[in-house]
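What follows is one structure encoded as structure tokens, with my remarks underneath.
The values are calculated or read from the model by the stated rules, or taken from the named source; none is laboratory data. All values reported here derive from a predicted model rather than from experimental measurement. Cβ coordinates were reconstructed from backbone atoms using ideal geometry, including for glycine residues, and neighbour counts include every protein chain displayed.
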Amino acid sequence: MLYMDYAATAPMYDEVIGVMTEVMKSHFGNPSSLHKLGLEAEQLVSRSRETIANALCCDPNEIRFTSGGTESNNLAIRGAAYRYRSRGNHLITSSIEHASVYETFRKLEEEGFQVTYLPVDATGQIRLSDLEQALTNETILVSVMHVNNEVGRIQPIEAIGAMLRDRPKTLFHVDAVQAIGKLPVDPKRHGIDLMSFAAHKLRGPKGIGFLYCRRGVELQPLLFGGGQEEGLRSGTENVPAVVGMAKAVRMAVQEQPSFAAHTARLRSRLTEGIRQIPELLLNGSNRPEDTAPHIVHFSFPGMKSEVLVHALEQHGIYVSTRSACSSGAEKPSRVLSAMGADPAVAVSGIRLSYSLQQTEDDADRFCRVLKQLVEELKPAMAGKNERR
Ligand SMILES: *Cc1c(COP(=O)(O)O)cnc(C)c1O
């Protein structure tokens, strides 16, 4: 089997499974309980918070646990929009955000907020001049992702942070789910107020994540109850998952330089192989420094992505059509469409995403199988094209 769908989810580190099993067996207390078992669980949670804060060079109080990337994004965006509504009614995001950001803004729009969706260029990047023009005295939040989950395009978050520095009324949120462990992530240095993370994209458990919330930024909670996480996120902490996530974050941030170097080698092998198949089209930027190294995205124009996904599966190779959360539907990709791709390209995208576990031989094997499949599938497509 060749798993190349790491951007959808990643297998857990053995060390993470080990530590979580230990916590589930031996430290099952509720962190809010007053007795010894509760105290023990509470200490595990606060030690995990410190581990994560160290990895991000921030204060433990700036880390709030959530149920994952989706909740972190909802909490940051809805929480800021409603908390600061009295300052202004205008929000800015990009047209290529993950569904958990995009749909949250759509909902806020329905609820009366004014939202600007920044366009992107053909490589999938927003333009700073568009952002500058969109900013008004009413703008209370800008939300732009660090690494796009579909094509891997890196957004200019450092420059956005710098642009917003002298606008204290405007908060800056970044969805960094696809960035941590792949690129250096440093919210303080980059002028970020809110930053979302999920554990399962970096080989931690599913259903757990966290939000970096800069000291001084207040959010309206989404959940009310026992007042955990300083009142921001009520509900008994998922102690084993929190501990597992902290271990995964520490390991992923430690191995980030070798991850980046290794996956960059895989990327050049893969893109070289794909370029040799004339029927295929690489999506996104050609410049390696523009894209996170763990994602390669291409289209087989005219061939629905689902067909190629299942054909590859027959060879034990697992890839995605786009983000796992929106696949299934045969609609053109919102991200590729925003990049100006024509519909034949936007319905035929394939995302490869990989990690330290894959080798250059794996990349070569993938390219061989792909070449063979394109040859096999081509005749079926030629028939269709004639009818167009
Ligand atoms: C996966 C992903 C999310 C959602 O995270 P979940 O933990 O699956 O809810 C959000 N943003 C990006 C960029 C992602 O890749």
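Restricting segment 320-335 to residues that are buried (at least 22 other Cβ atoms within 10 Å of the Cβ) and not in a helix (DSSP H, G or I), which is modelled with the lowest pLDDT?
Arg322
Is it the case, given these coordinates, that Ile277 is part of a loop (DSSP other than H, G, I, E, B) and either away from the ligand (no atom under 16 Å from the Cβ) or of a type outside the set (A, V, I, L, M, F, W, C) (or both)?
yes
For segment 114-151, what are the residues that are among the aliphatic types (A, V, I, L, M) and either within 16 Å of the ligand (Cβ to nearest atom) or within 21 Å of Ala260 (Cβ to Cβ) (or both)?
Val120, Ile126, Val144, Met145, Val147, Val151, listed by residue number.
Specify which of the listed residues (Arg203, Arg214, Arg165) is assigned by TED's automatic domain parsing to the domain that holds Ile92, charged (D, E, K, R) and within 19 Å of Asn73 (Cβ to Cβ).
Arg214
Given the options Ile96, Ile160, Ile140, name the one that is assigned to a loop (DSSP other than H, G, I, E, B) and at pLDDT 95 or above.
Only one candidate qualifies: Ile96.
Whether any residue in segment 83-92 is within 18 Å of the chain's Cα centre (by Cα) and either assigned to a loop (DSSP other than H, G, I, E, B) or within 16 Å of the ligand (Cβ to nearest atom) (or both) is what I want to check.
No: segment 83-92 contains no residue that is within 18 Å of the chain's Cα centre (by Cα) and either assigned to a loop (DSSP other than H, G, I, E, B) or within 16 Å of the ligand (Cβ to nearest atom) (or both).
Among the residues of segment 22-45, write down those that are free of Cβ contacts under 8 Å to residues at least 24 places away in the same chain and either outside any loop (DSSP other than H, G, I, E, B) or closer than 30 Å to Leu370 by Cα (or both).
Glu22, Lys25, Ser26, Lys36, Leu37, Gly38, Leu39, Glu40, Glu42, Gln43, listed by residue number.
A quick yes/no check of all residues on (1) within 19 Å of the chain's Cα centre (by Cα); (2) surrounded by 23 or more Cβ atoms within 10 Å (Cβ to Cβ):
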site	(1), (2)
Phe224	no, no
Glu229	no, no
Val243	no, yes
Ser258	no, no
Arg267	yes, no
Glu289	yes, no
Met303	no, yes
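Looking at segment 163-205, which of its residues are within 11 Å of the ligand (Cβ to nearest atom), assigned to a helix (DSSP H, G or I) and either farther than 15 Å from Glu71 by Cβ or out of contact with any helix residue (DSSP H, G or I) (no Cβ under 6 Å at 6 or more places or on another chain) (or both)?
Of everything in segment 163-205, those that are within 11 Å of the ligand (Cβ to nearest atom), assigned to a helix (DSSP H, G or I) and either farther than 15 Å from Glu71 by Cβ or out of contact with any helix residue (DSSP H, G or I) (no Cβ under 6 Å at 6 or more places or on another chain) (or both) turn out to be His200, Lys201, Leu202.
Does Ala80 qualify as being away from the ligand (no atom under 15 Å from the Cβ) and surrounded by fewer than 19 Cβ atoms within 10 Å (Cβ to Cβ)?
Here the answer is no, as Ala80 does not meet what is asked.
Of the residues Ile154, Ile63, which single one is within 15 Å of the ligand (Cβ to nearest atom) and either of a type outside the set (Asp, Glu) or in contact with a helix residue (DSSP H, G or I) (Cβ under 6 Å, 6 or more places away or on another chain) (or both)?
Ile154
Look through segment 206-233, keep the residues that are of a type in the set (Gly, Ala, Ser) and in contact (Cβ under 8 Å) with a residue 60 or more places away in the chain, and return whichever of them is nearest to Phe172 (Cα to Cα).
Ranking the candidates gives Gly209 first.
If I filter segment 286-319 down to residues being of a type in the set (Gly, Ala, Ser) and modelled with pLDDT of 95 or more, which single residue comes out as nearest to the ligand (Cβ to nearest atom)?
Ala292
Ile350 passes all but one of (1) in a helix (DSSP H, G or I); (2) at pLDDT 95 or above; which number fails?
Against the list (1) in a helix (DSSP H, G or I); (2) at pLDDT 95 or above, Ile350 comes up short only on (1).
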